[in-house]
Amino acid sequence: MSTQTELPPSAATAGEDTSSSQHGTVVSTLLSLFSTSGPAGEWLKLVMIGGTLEILRRVLMSIWRSLVNQFWITLVLEEYSDSHSWIMLWLSNQPAWTRAKELSISNHSLGVGTRAVLVEGEADDSSQKKIRFLPSFDCSASLWYRGHYIRLSRSEIPDGPFYTKEVLTMRILTHDHKVLNQLLLDAKNAWKAAKEEFISIYSSNPKNEWRLITSRPKRPLSSIVLDLGIKEKILDDAKDFLNSKKWYAERGIPFRRGYLLYGAPGSGKTSIIHSLAGELGLDVYIISLSRAGLDDNGLQELISDLPEKCIALMEDIDAAFHHSINRTSDKPEKKLVTGDRESGSPPNDGSKISLSGLLNALDGVGAQEGRLLFATTNRYETLDAALRRPGRMDVHVEFKLASQYQAAELFKRFYASDQTIATSAEDVADDRENNKDSGYSTPPKEKLVDVELPEGEKLFPLCQKELDRAELVLLSEKFKGYIPDRGFSMAALQGYLMAHKDRPYDAVDCVGEWVQEEKGREDKVVKDTV
Ligand SMILES: Nc1ncnc2c1ncn2[C@@H]1O[C@H](COP(=O)(O)OP(=O)(O)OP(=O)(O)O)[C@@H](O)[C@H]1O
């Protein structure tokens, strides 16, 4: 049944006539306005001409764009992507790019330097990088690359409600994708070469995306002083793991390795991880479990977004579950972690990460293969056994307060010249052999520094007196004699030596007094707590 009402033919024709006569009236009114010489006519003419020109401009632009796209390749790179860093660094070394007339100044590290800056002409200091000039936003620049013309522009787009991020647009006059690949390869190689001396540190943003936050000069592993064999144990294990992908695959074992470094604060746990990253050529991805807003899903997302070979670092892994407990508290601690796991709910301290969420993220299906996980804690015993078990934390290394051997070695590193440091590496091997069971003690060796200097000039300008190796060893032995074994952290000893940076003799003379003072202070703290 149709509900349509049919109009009589005469009525329909009458309706059409009315509307066409209305249109006719509007057009004739407009035409009459257009032909009148009054202000309304002038205004209408302007609107019509403007409108026509705008339409023409848009048509021409779209024709131009489709023509341009025939001959150009357009690459759009967003800030925080790796390729953006490669290209920006590559560009900052192109004279044409830096000769732009409208400039902005950048001290962004792009993952290959520190944020400290040096203006050209300022006294040189190789530890600082020079500021970079870049064309300012919303103006374009051009340059040639291997015979191909490139036009570039930088702009900013919103990145969430509060931030913006840079977008770099490159148009390369070619239709050959090989040119683009070659450009990316050149830029990446330049970036890798510049990065040789640095490690990149990544952290997550509130949207759970990895962001490059800084880059640091590599710290030589030799600058970390641990008891004999500890560094080697971790380094060899990590190297062996990285070379065993096939072995893991053949046995169906997940290609992941976890290291739990635990023990006294200020004993070198964090330092050795950064140093290992440099040694192994890996970047560090910091997973901050107590970051506001991070929940189990976010953690899973972060862990599955890790690159294949990297160091994932969870510092103070216990802290995510113990916000309310003071780190230095020596009162017995509740095993919150175990309790939380059993109840299956996040701990009642504001943290959104539950232990089961952490365990799932670490070895769930989404967990990245090939990553080295380093976790640190000062409170090993409070960690749930499930978190510590092999497969999650495969290698456990205790970092104790400084031994006398460490105290002596730290002293030597502090006051040694480059030359003495270089030779001492060989000596360590000899010493190890000679002093296998007796603790470490190096007999004074022959003088290594025996240089004739012009009068008044010092070999160690900062030092109270030039030290040859024999003197250095002698002083370090005296120094260690005052330090109680496992009595102080390496950070504390470093702090003491810093106060005598260029005065090794004073450092030895005053150390006894310092030890007494520190002990007195500790006793007072213990008394106050009781
Ligand atoms: N074994 C060590 N060798 C050389 N320097 C050390 C050593 N241990 C600590 N230091 C120095 O002490 C400072 C603190 O070290 P680091 O942050 O690595 O300690 P940590 O064990 O991670 O401490 P925390 O548990 O409090 O985080 C650094 O400046 C580091 O250079």
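The values are calculated or read from the model by the stated rules, or taken from the named source; none is laboratory data. Source: prediction; values computed, not measured. Note that each Cβ is placed from the backbone with ideal geometry, even for glycine, and that neighbours are counted across all protein chains shown.
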Examine segment 468-475 for a residue that is at pLDDT 90 or above, closer than 18 Å to residue 225 by Cα and within 16 Å of the ligand (Cβ to nearest atom), and state whether such a residue exists. no
So which residues in segment 268-287 are touching a strand residue (DSSP E or B) at 6+ places or on another chain (Cβ under 7 Å) and not in a helix (DSSP H, G or I), if there are any at all? 268, 282, 283, 284, 285, 286, 287
For segment 476-514, which residues satisfy the criterion of being farther than 20 Å from residue 416 by Cα and within 38 Å of the chain's Cα centre (by Cα)? 484, 485, 486, 487, 488, 489, 514
Going by the conditions given, is residue 239 more than 20 Å from residue 373 (Cβ to Cβ), part of a helix (DSSP H, G or I), away from the ligand (no atom under 16 Å from the Cβ) and not assigned by TED's automatic domain parsing to the domain that holds residue 78? no
Can you confirm whether segment 212-227 contains a residue that is more than 16 Å from the ligand (Cβ to nearest atom), modelled with pLDDT of 95 or more and under 30 Å from residue 382 (Cβ atoms)? no
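Looking at 313, 373, 387 in this structure, which one is modelled with pLDDT of 90 or more, part of a helix (DSSP H, G or I), under 26 Å from the mean Cα position of the chain (by Cα) and not hydroxyl-bearing (Ser, Thr, Tyr)? So that I can check it myself, show each step before the final result.
Details: 313 fails: part of a helix (DSSP H, G or I); 373 fails: part of a helix (DSSP H, G or I).
Exactly one of 313, 373, 387 is modelled with pLDDT of 90 or more, part of a helix (DSSP H, G or I), under 26 Å from the mean Cα position of the chain (by Cα) and not hydroxyl-bearing (Ser, Thr, Tyr), namely 387.
Any residue that is assigned by TED's automatic domain parsing to the domain that holds residue 363, more than 21 Å from the chain's Cα centre (by Cα) and of a type in the set (A, V, I, L, M, F, W, C) - is there at least one of those in segment 272-280?
Within segment 272-280, the first condition is being assigned by TED's automatic domain parsing to the domain that holds residue 363, and the residues that meet it are 272-280.
Retained after the next criterion (residues that are more than 21 Å from the chain's Cα centre (by Cα)): none.
No: segment 272-280 contains no residue that is assigned by TED's automatic domain parsing to the domain that holds residue 363, more than 21 Å from the chain's Cα centre (by Cα) and of a type in the set (A, V, I, L, M, F, W, C).
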Looking for whichever is closer than 30 Å to residue 391 by Cβ and either touching a helix residue (DSSP H, G or I) at 6+ places or on another chain (Cβ under 8 Å) or not polar (S, T, N, Q) (or both) here; the options are 194, 238, 187. Which one fits? 238
Kindly indicate whether any position in segment 395-404 is part of a loop (DSSP other than H, G, I, E, B), within 29 Å of the chain's Cα centre (by Cα) and at pLDDT below 90. no
Identity of the residue in segment 377-403, crowded, with 21+ Cβ neighbours inside 10 Å and polar (S, T, N, Q), that ends up farthest from the ligand (Cβ to nearest atom): 403
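Restricting attention to segment 472-503, which residues are in a helix (DSSP H, G or I) and in contact with a Lys or Arg (Cβ under 8 Å, 6 or more places away or on another chain)?
First pass over segment 472-503, keeping only residues in a helix (DSSP H, G or I): 472-482, 490-498.
Correct list: 472, 473, 476.
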Condition broken by residue 265, with the remaining ones in (1) within 13 Å of the ligand (Cβ to nearest atom); (2) in a helix (DSSP H, G or I) satisfied: (2)
